[in-house]
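Notes follow once the structure below has been shown.
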Amino acid sequence: MKLEDLRDKQKERAASDEELRQALEREFQVIGRRLRRTDGLSKSTGRTVYTDDIVLPGMLHGKILRSPHPHAHIKSIDASRALALDGVHAVITGSDMPVPYGILPWTRDEHALCVDKVRYVGDGVAAVAAVDEETANRALELIEVEYEAVRHYLDPKEALADPETPIHEPHKPGENGNVSKRVHLEFGDVDRLMEGSEVVVESEYYFEGTTHTAIEPHCAIGYYDASGKLTVWSATQVPHYLHRELARVLDLDVARVRVIQPAVGGAFGGKSEPFDLEFCVAKLSMATGRPVKILYTREEVFYAHRGRHPMLMRYRTGADRSGRIKAVDASTVMDGGAYSSFGLVTTYYSGQLVTMPYAMESYRFDSTRVYTNKPCCGPKRGHGSVQPRFAIEVQLDRLAEALGVDPIELRRINSLGSDTRSVNEFRVTSNGFLECLEAVEAASDWTNKYRRLPYGRGVGVAGSCYISGTNYPIYPNEMPQSAVQLQVDRSGRVTVFCGASEIGQGSDSALAYIVAEELGVPLDYIRVLSADTDLTPVDLGAYSSRETFMCGNACIAAARQIKEQVRQAVGEAWGCRSKQVALAGGWAFDVRDTGQRLPISEAFNLAEARFGTLGAVGCYNTPKDIHGDYRGGTIGSSPAYSFTAHVVELAVDPETGFVEVEKIWIAHDCGRALNPILVEGQMEGSAYMGFAEAILEEHIFKESGLHNAPSLLDYKIPTSLDTPEMESLIVESLDPEGPYGAKEAGEGPLHPSIPAIANAIYDAVGVRPDRLPFSPPRVWTAIQARRVREEAGELVLWKREPRETALPVTGD
């Protein structure tokens, strides 16, 4: 070897020694670093394959005929003309799939295609498979359906008042068939403590429905092959639940059904249950013997919906003179749309998740979910708890105003704390809420801005908490909620098999980071194969912010089994204890003598020679002693809770009512941030979505039942030019239940955005918007109403002197 080459080798060795020394000084080698996503390059370069990118030999195209009526009986269907059209291979109707389905086993009230009744404009009636989409669309026009229209309801109050025309038949005689679910729970003596409260505030709030607007429409491909095996590719976020429902509805052996989830282009809860297209592609393929694809149009996505429930909420909140909350009494009516979906859970969530992050001496809620003849509502990011969070956080600001207390201070006074239980008996482990409040208070310069900015400018604060996964699966069972299988190759490559649903949130990347951390393997050596029911262990899906928490724990369990085998084998080869062997940066090395090392592939080979083929399975299930023993006590319980605080700064134009949100400070307690970049992305994406719902979004319908704006052109969401500046402030209160102490970060940071904006509007112009969205006409009308009362002497001028009231008071 040349002297020059020898010197280069010595330099490389010295550099490697330094890297290992630094690694030994760090608690983690991978976790906590700002790393790229494992799928980032393929997505940014357009190489990622989504469901609609898949083309199979002989594939047909399907379309679904949808009801033009919001509520009608189906008298007859004649598909003979459609079947006679050249290029049409099959037509199916509800009679071909009569078994009802639903994501919750207790409320299966949908059919893949309607059997005898349609319940909203857009309900599926028949499906066609043809050689191309154009032919399929022509065939739909040839199907003749005779309907008998009946009275329809778009207002839940009307549906409640007229049970004689039920949208669904009641389960028991005398019940109202238009009531989906009612929950009434009380903790403590609410009436006595409310009566004894020194300050009581009461108000009504309305949260308009909103939808997910994921970029990728729903898409599914079904192929029933000659051997009798069904494969469905779907842009779903719950492959396991879809797998079960396909087998049940189609009367197939579940072992002969395979569900594959390709890359998903956004979901936000909108793909977290089975949809009609998945059953239709399967049944059409069974009828034709060929693959069949159905891709929703954007209009169909809006009608499929499953988005945020409209809620009418009345809240009474009582406190003592020091600001401590004595009693909260909430009454909520929810517009559930035509079917149940997750509605049973949503009804509980609308009350159960209000009780944190604040201590309450007593609490009562009464929530009623009502069927209407509109597209079904379901889970949208922050499922069921975003709406009541708006109400309770504005209530707290009203309390602060009545008591003359700073709103942040009021929240500090009532902070629940850690290692405790909420009033409704949910166990709380780690809690970084006070640190979140402190972070946004300092970063926003709150003390120098609150009530001190000029008229038309204001700041507002709000807090929240959210679950890190549901404590129980959707169907009752004692099996693990998530599992991971690891396979180690002699090259040093590690493959992770997991049923987790990567929907853009980064769950595949999180699993790769964990394996890299535990086994010392370079990130590029790790492959993650997820969401294929033939190849991967069961995971329940991407909902309720559960993936990183539950899959992460399962992955750690599997990786540590392999880690111990590798350390033992290497220790035996070196004649040292296994505890002296560390795995990091692509090496196995002796922590007492870093000069003694092996490439990780050689370390794996030693372990394989010692123990046989390297592989391991890890699983995770939740603790079961973390909630109260009452009906509904399990719903809302979680192994850990995240906590969030926002401060918003904005400007309101009093002449137009236009609200410009300028900046949102987001402090989120995510436990440990496994990758700060991904956490910040989730925090800002959540805050963006909350901002959009506060200012622009409304999922509304015409009297005929038609959607008011079923396109991305007409349904208002903010562009990048409309989006305010955001500052993410990560708070880490390490949780004993989470992987490395991690908790959720994908949904919790949405909740405070809306009430913080509402509270900032009040600080700016002295009006409290109580109905979403905070559109210019609504804000302007409220400003005008206040000015009338100011002119009448009923209210003092808000942040203005008399000479500043030159702006005219305008009539209607």
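Things worth noting here:
- Search result, residues across segment 712-742 that are under 15 Å from residue 676 (Cβ atoms) and assigned to a helix (DSSP H, G or I): 740, 741
- Check on residue 158, open to solvent by 20 Å² or more (accessible area, probe 1.4 Å) and under 30 Å from residue 286 (Cα atoms): no
Let's see how each residue does on (1) closer than 22 Å to residue 754 by Cα; (2) part of a strand (DSSP E or B); (3) small (Gly, Ala, Ser); (4) open to solvent by 10 Å² or more (accessible area, probe 1.4 Å):
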site: 398; (1), (2), (3), (4): yes, no, no, yes
site: 402; (1), (2), (3), (4): yes, no, yes, yes
site: 408; (1), (2), (3), (4): yes, no, no, no
site: 411; (1), (2), (3), (4): yes, no, no, no
site: 423; (1), (2), (3), (4): no, no, no, yes
site: 434; (1), (2), (3), (4): yes, no, no, yes
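- Residues of segment 200-209 that turn out to be in contact with a Leu (Cβ under 9 Å, 6 or more places away or on another chain) and either surrounded by fewer than 16 Cβ atoms within 10 Å (Cβ to Cβ) or closer than 26 Å to residue 304 by Cβ (or both), as a count: 4
- Out of 217, 239, one residue alone is within 18 Å of the chain's Cα centre (by Cα), outside the structural domain of residue 311 (by TED's automatic domain parsing) and more than 28 Å from residue 718 (Cα to Cα). It is 239.
- Selection within segment 112-140 - open to solvent by 60 Å² or more (accessible area, probe 1.4 Å) and touching a helix residue (DSSP H, G or I) at 6+ places or on another chain (Cβ under 8 Å): 115, 116
- Some residue of segment 358-366 being part of a loop (DSSP other than H, G, I, E, B), in contact (Cβ under 8 Å) with a residue 40 or more places away in the chain, open to solvent by less than 30 Å² (accessible area, probe 1.4 Å) and over 22 Å from residue 747 (Cβ atoms): yes
- If the condition is being out of contact with any Lys or Arg (no Cβ under 6 Å at 6 or more places or on another chain), small (Gly, Ala, Ser) and open to solvent by less than 70 Å² (accessible area, probe 1.4 Å), then segment 687-724 contributes 687, 690, 692, 694, 704, 705, 709.
- Residue list for segment 238-279, filter: in contact with a strand residue (DSSP E or B) (Cβ under 9 Å, 6 or more places away or on another chain), β-branched (Val, Ile, Thr) and more than 20 Å from residue 340 (Cβ to Cβ): 257, 259, 260, 264
- Exclusive hit being in a loop (DSSP other than H, G, I, E, B), within 22 Å of the chain's Cα centre (by Cα) and among the hydrophobic types (A, V, I, L, M, F, W, C), set 756, 745, 709: 745
- Figure legend. Inter-residue proximity from segment 587-600: first residues assigned to a strand (DSSP E or B) and modelled with pLDDT under 95, second residues charged (D, E, K, R) and loosely packed, with under 15 Cβ neighbours inside 10 Å, beta-carbon distance below 8 Å, spacing 6+ or different chains. Indicated pairs: 594/17; 594/21; 595/17.
- Residue, least open to solvent (accessible area, probe 1.4 Å), within segment 500-545, restricted to residues that are under 17 Å from residue 678 (Cα atoms), hydroxyl-bearing (Ser, Thr, Tyr) and assigned to a loop (DSSP other than H, G, I, E, B): 501
- Selected residue [basic (Lys, Arg) and either open to solvent by less than 50 Å² (accessible area, probe 1.4 Å) or at pLDDT 95 or above (or both)] from 26, 21, 66: 66
- Of note, residue 394 satisfies the criterion of being over 19 Å from the mean Cα position of the chain (by Cα) and assigned to a helix (DSSP H, G or I).
- Leading residue by the ranking (farthest from residue 513 (Cα to Cα)) among those in segment 553-601 that are of a type in the set (S, T, N, Q) and open to solvent by 60 Å² or more (accessible area, probe 1.4 Å): 596
- Restricting segment 167-190 to residues that are without any contact (Cβ under 8 Å) to a residue 40 or more places away in the chain and under 32 Å from the mean Cα position of the chain (by Cα), the residue that is surrounded by the fewest Cβ atoms within 10 Å (Cβ to Cβ): 171
- Single residue of segment 666-686 satisfying the filter (in contact with a strand residue (DSSP E or B) (Cβ under 7 Å, 6 or more places away or on another chain) and open to solvent by less than 10 Å² (accessible area, probe 1.4 Å)) that is nearest to residue 725 (Cα to Cα): 666
- Any hit, segment 745-754, residues being among the charged types (D, E, K, R) and either at positive phi or buried (at least 20 other Cβ atoms within 10 Å of the Cβ) (or both): yes
- Condition check for residue 419: surrounded by fewer than 24 Cβ atoms within 10 Å (Cβ to Cβ) and either modelled with pLDDT under 95 or within 15 Å of residue 642 (Cα to Cα) (or both): yes
- Looking only at segment 58-98, residues that are within 25 Å of residue 301 (Cβ to Cβ), hydrophobic (A, V, I, L, M, F, W, C) and in a loop (DSSP other than H, G, I, E, B) come to 2 in all.
- Residue ID - farthest from residue 475 (Cα to Cα), chosen from residues in segment 197-234 that are among the aliphatic types (A, V, I, L, M) and touching a Lys or Arg at 6+ places or on another chain (Cβ under 6 Å): 201
The values are calculated or read from the model by the stated rules, or taken from the named source; none is laboratory data. Owing to the predicted nature of the structure, the values given are computational and were not obtained by experimental measurement. Counting neighbours? That spans all protein chains shown, and the Cβs are built from the backbone with ideal geometry, glycine included. SASA here: full protein model, heavy atoms, side chains in, ligands and nucleic acids out. Shrake-Rupley method; radii C 1.70, N 1.55, O 1.52, S 1.80 Å.
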